[in-house]
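Report on one structure; see the data block that follows.
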Amino acid sequence: MTPNFIGVTGLPRAGSTLLCQMLAQHPELHCEGHSSPLCNALLGIRRMVSDDQFFLSQLDNSFEAGYAHLTSAMQGFLRGWHHDCGKKAVVDKNRAWLHAIELLLHIAPEAKLIVCLRELGQIYGSIEAQHQKTILVDFIDHLADFDRFGRADMLFAKDKAIGAPLISLSAVQDLPKEVQKRLYFLRFEDLMERPVVCMSHLHAWLGVSPFEINPEKLTVGKQESDSHYRMKYLHRQSGSIAKPKKHEIPPRIQAQIESACAWYYDLYYPKNR
């Protein structure tokens, strides 16, 4: 039986590592936990085949057959990635899934995405706090030479760690209602405060059997590489859930974030307004 596909996506420092750790506890779910190259591979296939002269010539002569070949091949690639998991559903983590949701649903109509959210000032604060602990090492995209305000501004740029997924999240509002129904928005704060309730609701939405998580006894899985991110975005797992301390954000930076991303607060954090 082909397992159903579940993507974990959303913003950085918003609990995706913890979420995958808890999803992996469920006996009907296969979840490796670390970030997966599967989404990038599918996007790469689309780019490659779109420039292939043999494929384009085939579309000239028989569009329906050629397009069917491509659809079948990409479906096979998606299924083949986790073909031997033996579970009801597979969980695959990559922030790009939200950007690629329409492609994903074209080849896997049953797919669902869990979108991880967090108050944006605290996302910035989490990244900045880790940078201060590793200040002698630069970011992968060379942000260390900026001051704190400049670094915050860069992190929210359209191609950076916070800005890129924010753009994908903003675009969700323009998707058809049927596509939006495949998305489950999970706030980091709710997961920290009520992990058992959150996971119970999530399991029901995913269509798997009820399974109660013990937040004090979590199985620790494989550690994702942090050196790839220059130790700026840690993916540590723990045997229990510990609510993080609130980061103190300079008022000028917090005000700029809330002003620039007012739509985000209106949609997901209206009580903060």
(request) Counting only DSSP beta bridges with both residues in region 4-272, tell me the antiparallel percent, nearest 5. (result) 0 percent
(request) Enumerate lysine pairs in region 177-273 that are 8 or more residues apart or on different chains, then count those whose Cα atoms are under 29 Å apart. (result) 16
(request) Just rank SER72, SER35, fewest to most, by other beta-carbon atoms within 10 angstrom. (result) SER72, SER35
(request) Report, in debye and to the nearest 20, how large the dipole of the chain comes out about its Cα centre when Lys and Arg carry +1 and Asp and Glu carry -1 on their Cβ. (result) 760 debye
(message) If R₀ is 25 angstrom, what is the calculated FRET efficiency for the pair HIS106 and TYR184, using the beta carbon separation as r and rounding to 0.05?
(response) 0.80
(request) Give, in nm to one decimal, the length gained when the segment between SER238 and LYS217 is fully stretched (0.36 nm per residue of separation minus the Cα-Cα distance). (result) 6.7 nm
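Going by how many other beta carbons lie within 10 Å of each one, how would you line up ASP226, ASP52, fewest first? List each step's numbers first, then the result.
Values: ASP226 15, ASP52 10.
Starting with the residue having the fewest Cβ neighbours, the order is ASP52, ASP226.
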(message) To test your reading of the geometry: what angle, between 0 and 90 degrees and rounded to tens, separates the Cα axis of helix 120-133 from the longest principal axis of the chain?
(response) 70 degrees
(request) Quickly work out the HIS247-to-ALA171 label distance, labels modelled 7 Å from Cα along the C-beta direction, and quote it in nm with one decimal. (result) 2.5 nm
(request) Using 0.36 nm per residue of separation minus the Cα-Cα distance, give me the extension gain between GLN58 and TRP81 in nm, one decimal. (result) 5.6 nm
(message) Tell me the mean residue ellipticity at 222 nm calculated for the chain from its helices only (DSSP H runs of n ≥ 4, each -39500 (n - 2.57), averaged over every residue, nearest 500).
(response) -13500 deg cm²/dmol
(request) Any chance you could run the full-extension gain for ASP138 through SER225? It's 0.36 nm times the residue separation minus the Cα-Cα distance, nm to one decimal. (result) 29.7 nm
(message) Order 102-111, 60-69 from most to least packed using the mean count of other Cβ atoms within 10 Å.
(response) 102-111, 60-69
(message) I'd like to compare 75-88, 186-199: which one has the highest average count of other Cβ atoms within 10 Å, and what's the full order after that?
(response) 186-199, 75-88
(message) So for the chain, averaging the separation of alpha carbon pairs under 8 Å that are six or more residues apart and normalising by length, what relative contact order in percent results?
(response) 27 percent
(request) State the label only: which of [x] 16.1; [y] 24.5; [z] 22.2 corresponds to mean projected area of the Cα convex hull in nm² computed from the shown model? (result) [x]
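Readers should treat all values here as calculations from the given coordinates under stated rules, not as data from a laboratory. Small disclaimer: the values here were computed from a predicted structure and weren't measured. We place every Cβ from the backbone using ideal geometry, glycine too, and count neighbours over all the protein chains shown.
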